[in-house]
1. For ASP156, ASP44, what's the fewest-to-most ordering of other Cβ within 10 Å of each Cβ?
2. Restricting to DSSP H runs of at least four residues, report the calculated mean residue ellipticity at 222 nm for the chain, -39500 (n - 2.57) per run over all residues, nearest 500 deg cm²/dmol.
3. Which pairs break 29 Å Cα to Cα here: LYS173/LYS252; LYS16/LYS118; LYS4/LYS182; LYS20/LYS103; LYS85/LYS173?
4. I'd like the FRET efficiency for ASN106 and GLU126, computed as 1/(1 + (r/R0)^6) with the beta carbon distance as r and R0 of 22 Å, rounded to 0.05.
5. Go ahead and set up a Gaussian network model of the chain, Cα springs under 10 Å, then flag whichever of VAL25, VAL186, VAL38 fluctuates most.
6. Would you mind checking the tilt of helix 45-61 against the longest principal axis of the Cα atoms of the chain, expressed as 0 to 90 degrees and rounded to 10?
7. Only four residue types carry charge here, +1 at the Cβ of Lys and Arg and -1 at the Cβ of Asp and Glu. Report the dipole size of the chain about the Cα centre in Debye, rounded to the nearest 20.
8. Leaving out same-chain residues fewer than 8 places away, which lysines sit with a Cα under 17 Å from that of LYS239?
Amino acid sequence: MPAKIISGKDVSASVKARIKTEAEVFTAKTGIAPGLAVIIVGEDPASQIYVRNKHKACKDMGFASFEHTLPESTTEAELLSLIAKLNSDDSVHGILVQMPLPKHINENAVINAINPDKDVDAFHPENVGHIMIGDYKFLPGTPAGVMELLASENIDITGKNCVVIGRSNIVGKPMSMLLLHKHGTVTICHSRTKNLPEITRGADILVAAIGKLGFVTADMVKEGAIVIDVGINRTAEGKVRGDVDFDSVSEKASYITPVPGGVGPMTIAMLMLNTLTAAKIFAKTI
Ligand code: NDP
């Protein structure tokens, strides 16, 4: 039987509706409209699309949205000085710096400069530490979005073999930690992993966050597995597709997320949730 498709489009719409209602109550009570500042340096076309989508999501939520578009030639000092300004701006509750940054700017220095209470990407070491401990205010959007997708189907993670392919700081590592918090038995795989297909075939829940078109094929997946595709890749024809070979894997899996329309829309929804949380932290209501 073909897999049930978990629609990130539908789940994100209901998550956003929930956040919007919650934000309206918050604003009515405090007079504060949650505000998100997004900084983009340079002209990476994919980044420009992501920034535009974030701006649109803010508008839909009734949030204030501040866009800072800086030229490729911006120095690290100039970027850090803008972050310092936004850190002390009371109308800005969340700050997001769109990655990747130009090579001459140190990403860690930039992440470390953001006030952890405004760090809606949850990349600051202080927030990463909170996530590790399991006592956090912000979760990074993509792994948090995956957890929402699993929850939307009432999938119980307890005791399940969870295999995450990818160990990046923004997806693979926090994803593994969130599955662990929900009592999964987690294996993290990466480019040096030996016998990868053997490991993935043992997965009850398989998360692909690699960045390689169609990397996960049906022979790597157990019958009835739950397959979550985080990857965003372009085909030779310019179509957006994931890390999972959807056509073959969907014949074998019990649940699968599509690309586009899977994890992607969830990432933005969770960013909106973090922006509302940041506004609540500012207002001292949490
Ligand atoms: P990175 O490039 O930072 O990480 C990729 C990971 O995949 C690395 O850990 C790498 O291993 C591993 N990997 C690469 N090749 C192999 C291989 N042959 N076998 C096993 N593991 C391998 O990417 P990100 O984590 O930032 O993103 C992953 C994908 O998710 C990308 O397609 C990205 O566009 C997408 N993405 C989607 C988002 C969304 O909203 N849907 C948000 C963020 C990312 P190693 O560490 O050893 O190099």
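Just so it is clear, none of the values below were taken in a lab; they were calculated from the coordinates. On a predicted model such as this, the values are computed, not experimentally measured, just so you know. Cβ placement follows ideal geometry from the backbone for every residue including glycine, while neighbour counts extend to all protein chains displayed.
1. ASP156, ASP44
2. Theoretical 222 nm ellipticity from helices: -13000 deg cm²/dmol.
3. Long pairs (Cα-Cα over 29 Å): LYS20/LYS103; LYS85/LYS173.
4. Plugging the Cβ-Cβ distance into 1/(1 + (r/R0)^6) gives 0.75.
5. Comparing VAL25, VAL186, VAL38 in the GNM, the peak value goes to VAL25.
6. Helix 45-61 and the main axis of the chain meet at about 70 degrees.
7. Details: 29 positive and 31 negative charges, 62 e Å.
That gives the chain a dipole magnitude of about 300 debye.
8. LYS212
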